[in-house]
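The values are calculated or read from the model by the stated rules, or taken from the named source; none is laboratory data. Quantities reported herein were computed from a predicted structural model and do not represent experimental measurements. Cβ coordinates were reconstructed from backbone atoms using ideal geometry, including for glycine residues, and neighbour counts include every protein chain displayed.
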Amino acid sequence: MKNTVQRTVSPIDGSVVVERPLASDADTEKALARAVEAQKKWRPVPVAQRVALVRKMVDWCVGRADTIGEELTRQMGRPIAYTPNEIRRGFQERAQHMCSIAEEALQDIAITPGSRFIRREPLGVVLVVAPWNYPWLTSVNAVVPALLAGNSVILKMAQQTPLVAERYAEAFKAAGLPDGVFQYLHLDHGQTAKAIRDERIAFVAFTGSVEGGHAVQRAAAERFIATGLELGGKDPAYVRADADLASAVENLVDGSYFNSGQSCCGIERIYVHRSVYKPFVDGFVELTRQYKLGNPLENGITLGPMVKTQAAELVRAHIKDAVGKGAKALIDPTSFPAQKDGTPYLAPQVLVDVDHRMQVMTEETFGPVVGIMAVDSDELAIQLMNDSRYGLTASIWTKDAEAALRIGDQVETGTWFMNRCDYLDPALAWTGVKDSGRGCTLSRLGIETFTRPKSFHLKLSP
């Protein structure tokens, strides 16, 4: 018998924290029909009015950041010390920036004023499929620009964080958004694929795994619609000999372990110039040992459980594979008392003596472990950074901006950082190469993603 209920099991203690019925075929049909009709009325609304409504939605969410943060912690396990900031900082920053540039980004492109111009038209109904690891930060990248561009939106949130979709709906209702312009549906994979095949869906914005991206592509391939795919990463960092080591250590430790390493743009492998390798590793290990693993609802906890025991077991398998091939683990898991095999609670780990025969240096681990490898030159660092099927972000740590640009031009990545990592600047395009996906969100280009060009050529005289 087909499962008709969706349950969210908290990684904190294994309890069911949310239980929702999956949408029926009738529910989905009703939502699609409403979205089509609502979009027809939303499309002629001036951009400035769309912006005002979106800003009210953002203010509603920010005003409830503590409550939203706590329920997010219960759903996916990130320490409560951090979850409210997903709303107060990243979510608010991205949404407000897109609001600030929307009118300019969506205006006509004049070739000959009044007679020849290109207009950006909304696509129609946009389906946003968002993940659990940063549910607000990933969804806002598509929900807000799609609405600003004049589309209606249906949000399908991951099973682990369904309350995010419901809070969006509450916020938009409070803001006065017309009925049907934003909706959500709780769907399983099969239902999602069926929705993508529906002729009323004009665009799919997906954030998730490579396997999930392939599934979206297969469903969309039956129709002539575009998809935006933000997929996995195996993001590298390169620490040059001239780097500020204290800053590099502080930022790369955070980039490796924040959210228990469950970030598509988190740091998963680090290449360090041999001349500074030992002090870098020593500093990295010392700071890693200061993390506190435990119940994420408790004060002082800086590392929560991974989202599922299965996810933690994959990380353990990658560590075991590396150690079996000659790597050395520098962190004693017993120094983190909350660590326990067979549970989502996993201690952070630093691996050295690693190479690219090991899964931990080539496959997405998506957990609190990082491999650190010594290199003797920029050329070798470039070669190793590019030796990956992923290309989401990469970073360099150096005082030489000219060298950073020269090396960055040769690295196959969507975003190239100098002296920072794991951050999305809303004014810059967020995109990936290779198996990290395709398409673009954020920036002016990200708003344009949710439009199609339409040319107007008016002959004004006989």
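Can you spot a residue in the range 84-99 that is under 30 Å from residue 345 (Cα atoms) and among the hydrophobic types (A, V, I, L, M, F, W, C)?
yes
On the basis of being surrounded by fewer than 16 Cβ atoms within 10 Å (Cβ to Cβ), on the phi > 0 side of the Ramachandran plot and in contact (Cβ under 8 Å) with a residue 24 or more places away in the chain, does residue 114 make the cut?
Yes: the conditions hold for residue 114.
For the range 40-92, which positions are closer than 30 Å to residue 292 by Cβ and of a type in the set (S, T, N, Q)? Steps first, please.
Within the range 40-92, the subset closer than 30 Å to residue 292 by Cβ is 61-92.
Of everything in the range 40-92, those that are closer than 30 Å to residue 292 by Cβ and of a type in the set (S, T, N, Q) turn out to be 67, 73, 75, 83, 85, 92.
Answer yes or no as to whether residue 68 is in contact (Cβ under 8 Å) with a residue 40 or more places away in the chain, part of a helix (DSSP H, G or I) and farther than 29 Å from residue 188 by Cα. Show your work before the answer.
On the way: in contact (Cβ under 8 Å) with a residue 40 or more places away in the chain: yes; part of a helix (DSSP H, G or I): yes; farther than 29 Å from residue 188 by Cα: no.
Judged against the criteria, residue 68 is not a match.
Under 6 Å between Cβ atoms, at least 6 apart or on separate chains: pull out the pairs that start in the range 390-404 with a residue that is closer than 13 Å to residue 415 by Cα and end on any residue that is part of a strand (DSSP E or B) and of a type in the set (Ser, Thr, Tyr).
Listed by first residue and then by second, the contacts come to 393/415; 396/238.
Take the residues of the range 400-437 that are modelled with pLDDT of 95 or more and in contact with a Lys or Arg (Cβ under 8 Å, 6 or more places away or on another chain): which is farthest from residue 380 (Cα to Cα)?
Taking the range 400-437 as the starting set, the residues that turn out to be modelled with pLDDT of 95 or more are 400-421, 425-437.
Adding the requirement that they be in contact with a Lys or Arg (Cβ under 8 Å, 6 or more places away or on another chain) leaves 400, 403, 412, 426, 431-432, 434-435.
Numbers: 400: 18, 403: 14, 412: 14, 426: 32, 431: 25, 432: 22, 434: 20, 435: 22 Å.
Ranking the candidates gives 426 first.
Which residues, taken from the range 407-426, are closer than 28 Å to residue 211 by Cα, touching a residue at least 60 places away in the same chain (Cβ under 8 Å) and outside any loop (DSSP other than H, G, I, E, B)?
Once the filter is applied, which keeps residues that are closer than 28 Å to residue 211 by Cα, touching a residue at least 60 places away in the same chain (Cβ under 8 Å) and outside any loop (DSSP other than H, G, I, E, B), the range 407-426 yields only 415.
Taking into account only those residues within the range 198-216 that are not aliphatic (A, V, I, L, M) and not in a loop (DSSP other than H, G, I, E, B), which is nearest to residue 123 (Cα to Cα)? Step through it out loud before you land on a result.
Looking only at the range 198-216, we keep the residues that are not aliphatic (A, V, I, L, M), and these are 198-200, 203, 206-209, 211-214.
Subset that is not in a loop (DSSP other than H, G, I, E, B): 203, 206-207, 211-214.
Values: 203: 7, 206: 16, 207: 19, 211: 26, 212: 23, 213: 21, 214: 22 Å.
Going through the qualifying residues, I end up with 203.
Could you please give the count of residues in the range 1-54 that are assigned to a helix (DSSP H, G or I), under 21 Å from residue 196 (Cβ atoms) and of a type in the set (Val, Ile, Thr)? Outline the logic, then answer.
Here is the first cut: in the range 1-54, the residues assigned to a helix (DSSP H, G or I) are 25-42, 47-54.
Then drop every residue that is not under 21 Å from residue 196 (Cβ atoms), which leaves 25-39.
From the residues that got through so far, the ones that are of a type in the set (Val, Ile, Thr) too are 28, 36.
Total satisfying the criteria: 2.
Give the residues of the range 387-406 that are surrounded by fewer than 24 Cβ atoms within 10 Å (Cβ to Cβ) and part of a loop (DSSP other than H, G, I, E, B), sorted by residue number.
Within the range 387-406, the subset surrounded by fewer than 24 Cβ atoms within 10 Å (Cβ to Cβ) is 387, 389, 398-406.
387, 389, 398, 399, 400 - these are the residues of the range 387-406 that are surrounded by fewer than 24 Cβ atoms within 10 Å (Cβ to Cβ) and part of a loop (DSSP other than H, G, I, E, B).
Looking at the range 292-306, is at least one residue of a type in the set (Val, Ile, Thr), over 30 Å from residue 129 (Cα atoms) and modelled with pLDDT of 95 or more? Show your work before the answer.
First, pick out the residues of the range 292-306 that are of a type in the set (Val, Ile, Thr): 301-302.
Subset that is over 30 Å from residue 129 (Cα atoms): 301.
Checking the rest, the ones that are also modelled with pLDDT of 95 or more come to 301.
Yes - at least one qualifying residue is present in the range 292-306.
Being among the hydrophobic types (A, V, I, L, M, F, W, C), surrounded by fewer than 21 Cβ atoms within 10 Å (Cβ to Cβ) and in contact with a strand residue (DSSP E or B) (Cβ under 8 Å, 6 or more places away or on another chain) narrows it down to one of 215, 221, 169, so name that one. I'd like the intermediate steps shown before the answer.
Numbers: 215 fails: in contact with a strand residue (DSSP E or B) (Cβ under 8 Å, 6 or more places away or on another chain); 221 fails: in contact with a strand residue (DSSP E or B) (Cβ under 8 Å, 6 or more places away or on another chain).
Only one candidate passes the filter, namely 169.
Quick one: in the range 429-462, of everything that is within 16 Å of the chain's Cα centre (by Cα) and more than 15 Å from residue 232 (Cα to Cα), which residue is surrounded by the fewest Cβ atoms within 10 Å (Cβ to Cβ)?
Our first condition is that a residue be within 16 Å of the chain's Cα centre (by Cα); within the range 429-462, this holds for 429-433, 435-443, 446.
If we keep only those that are more than 15 Å from residue 232 (Cα to Cα) as well, we get 429, 441-443, 446.
Details: 429: 16, 441: 27, 442: 24, 443: 22, 446: 27.
This residue is 429.
Going through 425, 409 one at a time, which residue ends up being under 15 Å from the mean Cα position of the chain (by Cα), surrounded by fewer than 20 Cβ atoms within 10 Å (Cβ to Cβ) and either not β-branched (Val, Ile, Thr) or not assigned by TED's automatic domain parsing to the domain that holds residue 364 (or both)?
On the way: 409 fails: under 15 Å from the mean Cα position of the chain (by Cα).
Result: 425 is the single residue among 425, 409 that is under 15 Å from the mean Cα position of the chain (by Cα), surrounded by fewer than 20 Cβ atoms within 10 Å (Cβ to Cβ) and either not β-branched (Val, Ile, Thr) or not assigned by TED's automatic domain parsing to the domain that holds residue 364 (or both).
Which condition from (1) closer than 22 Å to residue 231 by Cα; (2) out of contact with any helix residue (DSSP H, G or I) (no Cβ under 6 Å at 6 or more places or on another chain); (3) surrounded by fewer than 22 Cβ atoms within 10 Å (Cβ to Cβ) is the one that residue 359 breaks?
The one condition residue 359 does not meet is (2).
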